[in-house]
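**Q** The structure follows.
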Amino acid sequence: MANILRSIGVIARALDSIANIEFKQYDLTRGQYLYLVRICENPGIIQERLAEMIRVDRTTAARAIQRLAENDFIERRFDEQNHKTKHLYPTVKGTETNEIIKRENVYSTEVALKGFDADERQTAEALLDRIATNIDADWNAVKKKAKKRNY
């Protein structure tokens with residue numbers, strides 16, 4: 001059981017590496033597909049919320065968002081009431097590319113869960129959701145409040 005987080009990390013890095021190679025042909029560089037998918041799922045999202053959703057710092061998010069905008073995957077629109085706030089929306093190119101990313105996600109999910117029956121798939125998803133929820137409190141404390149964990 002002690003290696004579960006190691007296994008999750010290996011899986012995440014392998015799938016990220018594959019995606020980065022495959023999505024390069026669409027002018028998406030390292031990890032940008034994550035941002036594009038979330039923007040397509042949440043049109044009008046603001047940068048701070050997007051960074052929080054992906055669990056990255058604002059600077060990392062800003063760089064990825066800048067590249068996505070430069071490559072015409074997304075557009076930024078100023079908030080009508082607060083001109084400092086920019087909302088993020090997918091462009092036609094971004095929406096079309098997101099469809100490709102979704103197909104890759106379905107394929108990767110099928111590969112990862114090969115041999116799992118419906119109950120096992122549901123259990124795996126529920127258990128991973130619980131792990132993510134458990135980690136959230138520490139992530140918020142360390143990342144947002146600069147608290148040190150006691151271990």
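The values are calculated or read from the model by the stated rules, or taken from the named source; none is laboratory data. Everything quoted here is computed from the prediction, not taken from an experiment. Counting neighbours? That spans all protein chains shown, and the Cβs are built from the backbone with ideal geometry, glycine included. Note: accessible area is taken over every heavy atom of the protein model, side chains too, but ligands, DNA and RNA are not part of it. Shrake-Rupley method; radii C 1.70, N 1.55, O 1.52, S 1.80 Å.
**Q** Can you spot a residue in region 52-65 that is touching a Ser or Thr at 6+ places or on another chain (Cβ under 8 Å) and either free of Cβ contacts under 8 Å to residues at least 40 places away in the same chain or not basic (Lys, Arg) (or both)?
**A** Here is the first cut: in region 52-65, the residues touching a Ser or Thr at 6+ places or on another chain (Cβ under 8 Å) are none.
Within region 52-65, none of the residues are touching a Ser or Thr at 6+ places or on another chain (Cβ under 8 Å) and either free of Cβ contacts under 8 Å to residues at least 40 places away in the same chain or not basic (Lys, Arg) (or both).
**Q** If you don't mind, there's one more thing I want to ask. Mind checking which residues of region 99-151 are assigned to a helix (DSSP H, G or I), acidic (Asp, Glu) and either in contact with a strand residue (DSSP E or B) (Cβ under 8 Å, 6 or more places away or on another chain) or open to solvent by 70 Å² or more (accessible area, probe 1.4 Å) (or both)?
**A** Quick first cut of region 99-151, residues assigned to a helix (DSSP H, G or I) only: 99-112, 118-145.
So of that shortlist, the ones also acidic (Asp, Glu) come out as 99, 104, 110, 119-120, 125, 129, 136, 138.
Within region 99-151, Glu99, Glu110, Asp119, Glu120, Glu125, Asp129 qualify.
**Q** Which of the residues belonging to region 45-66 are in contact with a Lys or Arg (Cβ under 8 Å, 6 or more places away or on another chain) and open to solvent by less than 20 Å² (accessible area, probe 1.4 Å)?
**A** If the condition is that a residue be in contact with a Lys or Arg (Cβ under 8 Å, 6 or more places away or on another chain) and open to solvent by less than 20 Å² (accessible area, probe 1.4 Å), then Ile45, Leu50, Ala51, Ile65 are the ones that fit.
**Q** Quick one: in region 14-45, which of the residues that are touching a residue at least 40 places away in the same chain (Cβ under 8 Å) and of a type in the set (Ser, Thr, Tyr) is nearest to Leu128 (Cα to Cα)?
**A** Just the residues of region 14-45 that are touching a residue at least 40 places away in the same chain (Cβ under 8 Å), to begin with: 15, 18-19, 22-23, 26-28, 32-33, 36-37, 39-40, 43-45.
This time we only want the ones that are of a type in the set (Ser, Thr, Tyr), so: 26, 33.
Working: Tyr26: 30, Tyr33: 21 Å.
By that ranking, first place goes to Tyr33.
**Q** Which numbered condition in (1) part of a helix (DSSP H, G or I); (2) free of Cβ contacts under 8 Å to residues at least 60 places away in the same chain; (3) open to solvent by 90 Å² or more (accessible area, probe 1.4 Å) is the only one that Ile11 fails?
**A** (2)
**Q** Another one. Do we find a residue being part of a helix (DSSP H, G or I) and either without any contact (Cβ under 8 Å) to a residue 24 or more places away in the chain or over 23 Å from Ile18 (Cβ atoms) (or both) anywhere in region 80-91?
**A** There is no residue in region 80-91 that is part of a helix (DSSP H, G or I) and either without any contact (Cβ under 8 Å) to a residue 24 or more places away in the chain or over 23 Å from Ile18 (Cβ atoms) (or both).
**Q** Take region 14-58 and flag every residue that is at negative phi, at pLDDT below 95 and outside any helix (DSSP H, G or I).
**A** Residues satisfying the conditions are Leu28, Thr29, Arg30, Val56, Asp57.
**Q** Scan region 69-79 for residues that are under 17 Å from the mean Cα position of the chain (by Cα) and touching a residue at least 40 places away in the same chain (Cβ under 8 Å) and jot them down.
**A** Listed by number, the list holds a single entry, Phe73.
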